[in-house]
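All remarks here apply to the structure that follows.
Laboratory data are not the source of any read-out in this text; all were calculated from the coordinates shown. Please read all numbers here as calculations on a predicted model, not as lab measurements. Methodologically, a virtual Cβ is constructed for each residue, glycine included, from the backbone with ideal geometry; neighbour enumeration extends over all protein chains shown.
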Amino acid sequence: MKINEKGHLVIGEVDAVELAEKYDTPLYVIDENKIRENYRRIYNAFKKRYDKFKILYACKANTNIAIMKILNDEGSGIDAVSPGEIYIALVAGFKPEEILFTGNNVRNDELEFAVESGVMINIDSISQLKRLSKLCNPEEVEISFRINPLVGAGHHEHCITGGEMSKFGIAEKDAVKAYSMAKNLGFKIKGIHCHIGSGILDPSPFLMAVDALTKIAERVSKEVGIEFEFIDIGGGFGIPYKPEEPELNIENLAKKIIEVFKERCDEYNLGNPWLYIEPGRYIVGNAACLLTRVNTIKKSYRKFAGVDAGFNTLIRPAMYGSYHHIIVANKANEEPCEKIDIAGNLCESGDIFARDRELPKLEEGDILAIMDAGAYCFSMSSQYNSRPRPAEVLVKDDKVSIIRERESIIDLLDKQVIPARLLKGGK
Ligand code: LLP
């Protein structure tokens, strides 16, 4: 954490309190250098150990077009889950062949959109394969399959995407059937994919997934006669949210993953495929914070600091019970001296950012920085309680750019229509 002579939190080279004053709160502040550092750290850890390696940034974590541009500039590809994400990625400058569309329960028109945009399609069900084959010329479409390897992990039950309870992917036992159908239909089969979950800080589930996925690839390769160009092990690389949590040792993890990957590729005669990973959180998670202002201090049966953001702005604590570290941006040097609940401004009891958080003595007007808010925060925001969404600024050293304007009250009416009969006062 950087603190200046005024005792204020510094983001890049910019005073967070000045940002809050200039751009108002709630405000997402994103540090460009951190995104680039995170990307390079994870890229280099794998790339130096295995040359045929690519990152597909899981842009559901944060699709701001400026962030997409930064990752395009770094040489990343994209994991997209919807036509909207494909569209944003194309506008940001990604080439169709750098985008893998991994949809879940997709409609035919969404498949058509993917085909027309020329991206690779990662198929999630046999139903999707059959429907896709009817609306394209399979010989022109590159595909892979998302397989559920019965390995799952994640920071919360909602974030485990492998295993028997998961709605994602094709069951292991159906992998051979899916690939042979695709082959018979004439598709260009490129790869095999899995994604086991999100927010994983322990290496072992990743190693189990590599082990399981390569084993499935072997069976498919032998029984269907397919040579895989890539094996995609998904994302899920966790970040520490609590100060005492250790960071994921990415060097060590990359070393272990590559060891198992190479060993299995040799053992199973899979040749020398590309290895893809799809990190989202690891790249952008710690690169942003949410600045929010305390407007109410109150003691009822507990002590509360009420702020001008809510779970419509940042939902992770309400949705998963997630911890986000909080720094009092204008008192960044002060020692914690009281336990207090940090409450949002929505009419919901669950709208609490933290309970019993130890912080310096809070006063109305203080600026709180809710840390590690780069992944799954703005992208999961809403207008619930008819509260406009906040602005986002990008900081690069001492430069600040608005990358999303604050919504205003008028935006709440966007796309809404009053039927004419109600306008004239009829029933
Ligand atoms: N690939 C696929 C197919 C995914 O579904 C996901 C995340 C990722 C990659 C990237 O996972 P990451 O590296 O970011 O962990 N909203 C939740 C996380 C949901 C993740 C959904 N899928 C949260 O705030 O914790």
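Laid out as a table, the results:
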| item | result |
| --- | --- |
| Sites residue 335 and residue 52 - FRET efficiency at Förster radius 56 Å, r taken between beta-carbons, to 0.05 | 0.65 |
| Estimated dipole of the stretch 258-405 in Debye, rounded to 20 [Cβ of Lys and Arg +1, of Asp and Glu -1, Cα centre] | 520 debye |
| Members of 52/130; 331/396; 60/361; 331/399; 6/34 lying beyond 25 Å, as alpha-carbon distances in this model show | 52/130; 60/361 |
| Neighbour net charge for residue 97 - beta-carbon separation under 12 angstrom, K R +1, D E -1 | +1 |
| Listed peptides 68-75, 286-293 by packing density, highest first (mean Cβ within 10 Å) | 286-293, 68-75 |
| Spin-label model distance (nm) - residue 127 vs residue 97, 7 Å beyond Cα toward Cβ | 3.4 nm |
| Shape call, the stretch 32-283: gyration tensor on alpha carbons, a/c limit 1.5 | oblate |
| Cα-projected label distance for residue 87 with residue 40, points at 7 Å along beta-carbon direction, nm | 3.5 nm |
| Under 25 Å from the Cα of residue 427 - lysines, other chains or at least 8 residues apart | 415 |
| Estimated vicinal HN-Hα couplings, Hz - the stretch 356-373 in sequence order (Karplus 6.51, -1.76, 1.60; Gly, Pro = x) | 6, 7, 7, 9, x, 4, 8, 10, 4, x, 4, 10, 9, 10, 8, 7, 6, 10 |
| Residue 137-residue 202 pseudo-label distance in nm [points 7 Å out on the Cα-to-Cβ vector] | 5.1 nm |
| Cβ-Cβ FRET estimate between residue 244 and residue 74, R0 fixed at 25 Å, reported to 0.05 | 0.25 |
| Mean ellipticity per residue at 222 nm, deg cm²/dmol - from DSSP H runs of n ≥ 4 across the chain, formula -39500 (n - 2.57) | -8500 deg cm²/dmol |
| 0 to 90° range, to nearest 10: angle between helix 65-74 axis and the chain longest Cα axis | 50 degrees |
| Segment residue 300-residue 268, extension gain: residue separation times 0.36 nm, minus the distance between their alpha carbons | 5.1 nm |
| Dmax and Rg, reported as Rg then Dmax, of the stretch 203-360 (C-alpha, Å) | 22.6, 69 |
| Rounded to whole Å, sorted largest first: equivalent-ellipsoid semi-axes of the chain, Cα gyration tensor | 41, 26, 19 |
| Cβ-derived FRET efficiency at R0 30 Å, residue 165 paired with residue 385, nearest 0.05 | 0.40 |
| Antiparallel DSSP beta bridges within the chain, percent to nearest 5 | 45 percent |
| Antiparallel bridge percentage (DSSP; both residues within the stretch 32-283; nearest 5) | 5 percent |
